[in-house]
Amino acid sequence: MSRFWIILLRIALIGLPILMYFHWIKLVKAGHPHARRWFWLMITCIVLLGIGLVSFIVLDGQPRGSHYHPAQMENGRIVPGRMD
């Protein structure tokens, strides 16, 4: 992946939630009738994100108590990382 796409992805991941927040504030100040729906949409997204993160941690497939050994160089070769 080129450096341009990495920077663009970082800007999008940081900027999109900020833009959504400012758009919601603008709707609330204008008295838009659907402003409350945006609030509940954001709350629902945050809850779903939390459920996804917790399920990823619980269901990662590694046995409890296993340890990660990072990749290392041995005799001029790179030995990939592994779980023990």
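Computed from the coordinates by the stated procedures, all read-outs in this text should not be read as laboratory data. As the structure is a prediction and not an experimental result, all values here were calculated from the model.
What value, in deg cm²/dmol to 500, does the helix sum -39500 (n - 2.57) over DSSP H runs of n ≥ 4 give at 222 nm once divided by the residues of the chain? Mind showing how you got there, number by number?
Numbers: 2 runs with 52 residues, N = 84.
Value at 222 nm, helices only: -22000 deg cm²/dmol.
Nearest 10 degrees, 0 to 90: what angle lies between the long axis of helix 3-30 and the longest principal axis of the chain (Cα atoms)?
30
Which residue, P17, P70, P33, has the most motion in a Gaussian network model of the chain that connects Cα atoms within less than 10 Å?
The residue with the greatest mean-square fluctuation here is P70.
Mind checking the angle between helix 35-58 and the chain's longest principal axis? C-alpha axes, 0 to 90 degrees, to the nearest 10.
For helix 35-58, the angle is close to 10 degrees.
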